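The values are calculated or read from the model by the stated rules, or taken from the named source; none is laboratory data. All values derive from a computational prediction rather than experimental measurement. Note: ideal-geometry Cβ built from the backbone for every residue, glycine included; neighbour counts use all protein chains shown. In case anyone asks, the SASA skips ligands and DNA or RNA and just uses the protein heavy atoms, side chains included. Shrake-Rupley method; radii C 1.70, N 1.55, O 1.52, S 1.80 Å.
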2 protein chains.
Amino acid sequence: MGYELENSMALLERTPAALDALLRGLPEVWTETHEGADTWSVSTVVAHLIHGEHEDWMPRTRHILEWGEAQPFTPFDREGHVRYKRDKRLPQLLDEFAQARAQGLEELRALQLTTQDLGRRGRHPALGTVTLSDLLATWAAHDLTHLHQISRIMAHQVREAVGPWARFLGVMKCGGHSEAA
Amino acid sequence: MGYELENSMALLERTPAALDALLRGLPEVWTETHEGADTWSVSTVVAHLIHGEHEDWMPRTRHILEWGEAQPFTPFDREGHVRYKRDKRLPQLLDEFAQARAQGLEELRALQLTTQDLGRRGRHPALGTVTLSDLLATWAAHDLTHLHQISRIMAHQVREAVGPWARFLGVMKCGGHSEAA
């Protein structure tokens with residue numbers, strides 16, 4: 001197993017517990033609010049992470065190993081989190097994310113990927129050729145982009161309450177940068 | 001105790017455990033690296049959070065209660081984290097942050113602040129008049145701005161490894177926005 005893959009897995013293992021420690025039991029003013037029309041709440045972000053575990057990272061890993069570039073990935077449905085969120089409250093979503101992530105990592109370990117496997121190519125419907133190594137690094141970076149988003153959604157809720165200090169708080173100036181998932 | 005203060009305290013209580021769950025035991029490629037010359041590592045951010053507990057939030061709270069606007073706050077030394085970091089490793093910094101935060105919150109609770117107290121004014125050396133309520137909301141928002149920064153520092157380390165996916169990862173496009181502390 002490559003050095004970079006071990007680093008990614010070390011982060012992937014920790015994200016569910018980190019989100020749990022940050023979010024479980026927090027007042028809903030932090031977790032069920034958003035940044036304006038058509039933006040996500042923290043709970044929605046967690047549902048999106050669950051969705052990724054079930055339909056993105058390990059399914060695409062297996063897709064590359066099975067099909068290579070011969071068949072592009074199924075496009076990821078940006079609204080698919082709705083099916084995972086439904087009327088669930090955040091504690092249940094945190095439990096489901098932890099469970100899905102643990103299972104995904106177990107499946108990843110069971111593949112015993114070699115350096116040669118990591119160089120295998122797949123075809124992304126929008127990005128074209130990608131490698132399995134790219135995909136697995138992106139899995140970890142995707143956790144970080146949503147941690148970044150969560151901190152920004154939460155900070156948005158106190159943008160007035162901080163008074164003149166808003167000027168000194170970088171997170172208040174972050175407009176979000178995502179193009180797609 | 002005001003509603004907003006309770007919400008801030010709920011977050012302030014959780015940040016040390018969240019950072020601990022995310023960071024303890026992570027490979028140093030995530031925690032001891034930075035975003036380029038004159039930028040901070042994740043460990044440095046944790047040292048800065050310790051510094052804030054000792055020299056910013058509760059000291060300024062007491063300053064407002066004692067002096068009001070009659071005396072401005074002592075300016076916060078942006079490089080003061082160096083005194084708290086020295087040659088300590090991240091696990092020790094995480095322990096010290098958790099300890100300092102728990103103590104700060106205990107002191108805050110002991111003040112039994114009233115709504116009238118929260119409206120009391122102080123003088124920031126650069127921002128001018130601020131209220132105790134502004135200060136305490138900023139304490140929580142400051143945790144979020146550094147969680148935002150930590151996710152960005154870490155994502156920076158895999159900006160090449162993710163290949164073409166960088167385009168879809170908002171955190172990769174966040175240039176940092178802080179002006180001062």
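If the only charges are +1 at each Lys and Arg Cβ and -1 at each Asp and Glu Cβ, what is the size of the charge dipole of the protein assembly as shown around the Cα centre, to the nearest 20 debye?
The calculation lands at about 340 debye.
Can you give me the three principal axis dimensions of the protein assembly as shown from its C-alpha atoms, in Å, biggest first?
If we take the Cα atoms of the protein assembly as shown, the spans are 73, 46, 28 Å.
Once both labels are modelled 7 Å past Cα along the beta-carbon direction, what's the B:Y3-A:K88 spacing in nm?
2.9
Round to a whole angstrom and tell me the spacing of the C-alpha centers of region A:1-39 and region B:1-41.
Spelled out, the Cα-based centre of one part sits 12 Å from the other.
With θ set to phi - 60° and the Karplus curve 6.51 cos²θ - 1.76 cosθ + 1.60, what are the ³J(HN,Hα) couplings of region A:8-22 in order, to the nearest whole Hz, using x for Gly and Pro?
5, 5, 4, 6, 4, 5, 8, 4, x, 5, 5, 5, 4, 5, 6
Mind listing the label-point distances from A:R89 to the same position on all other copies, shortest first, one decimal in nm, points 7 Å along Cα→Cβ?
Label-point distances to the other copies, shortest first: 4.0 nm.
Treat each spin label as a single point 7 Å out from the Cα along the C-beta direction, and report the B:A10 to A:Q99 distance in nm.
Going from the B:A10 label point to the A:Q99 one covers 2.5 nm.
May I ask for the accessible area buried between chains B and A, both sides summed, probe 1.4 Å, to the nearest 100 Å²?
Counting both chains, the buried surface is close to 5100 Å².
Counting only protein heavy atoms and using a 1.4 Å probe, what share of the accessible area of region A:123-181 belongs to carbon plus sulfur, as a whole percent?
The value for region A:123-181 is 45 percent carbon and sulfur by accessible area.
Per DSSP helix of 4 or more residues, -39500 (n - 2.57); summed, then divided by the residues of chain B. What does that give at 222 nm, rounded to the nearest 500?
-18500 deg cm²/dmol
At a 1.4 Å probe radius, carbon and sulfur cover how many percent of the accessible area of region B:1-111?
So the carbon and sulfur contribution to the accessible surface is 50 percent.
Using the alpha-carbon atoms, what tilt in degrees (0 to 90, nearest 10) does helix B:90-111 show relative to the longest principal axis of chain B?
20
Could you give P(r) for region B:85-140, binned at 10 Å from zero, as whole percent values over all Cα-Cα pairs?
Using 10 Å bins, I get a P(r) of 19, 36, 29, 15, 1 for region B:85-140.
Given a 1.4 angstrom probe, what's the average accessible area per residue across region B:35-174, in square angstrom?
43
From the residues A:Y3, A:I50, B:H146, which one has its Cα farthest along the dipole of the protein assembly as shown in the positive direction, the dipole being from +1 and -1 charges on Cβ of Lys/Arg and Asp/Glu about the Cα centre?
B:H146
Would you give the gap between the C-alpha center of region A:104-130 and the C-alpha center of region B:108-144, rounded to a whole Å?
Going from one Cα centre to the other spans 50 Å.
With point charges of +1 on the Cβ of Lys and Arg and -1 on the Cβ of Asp and Glu, referenced to the Cα centre of the protein assembly as shown, which listed residue (A:A102, A:L23, B:A126) lies farthest in the positive direction of the dipole?
B:A126
Using 7 Å Cα-to-Cβ label points, what is the A:T129/A:E66 separation (nm, one decimal)?
2.4
Hey, which lysines would be in cross-link range of B:K173, C-alpha to C-alpha under 24 Å, not counting anything within fewer than 8 residues on its own chain?
Answer for B:K173, where 24 Å is the Cα cut-off: A:K173, listed by chain and number.
Can you give the charge dipole size of region B:70-181 about its Cα centre, rounded to the nearest 20 debye, using +1 on the beta carbon of Lys and Arg and -1 on the beta carbon of Asp and Glu?
Charge dipole, region B:70-181, about its Cα centre: 280 debye, nearest 20.
How far, in degrees from 0 to 90, does helix A:42-55 lean away from the longest principal axis of the Cα atoms of chain A, to the nearest 10?
Helix A:42-55 sits roughly 10 degrees off the main axis of chain A.
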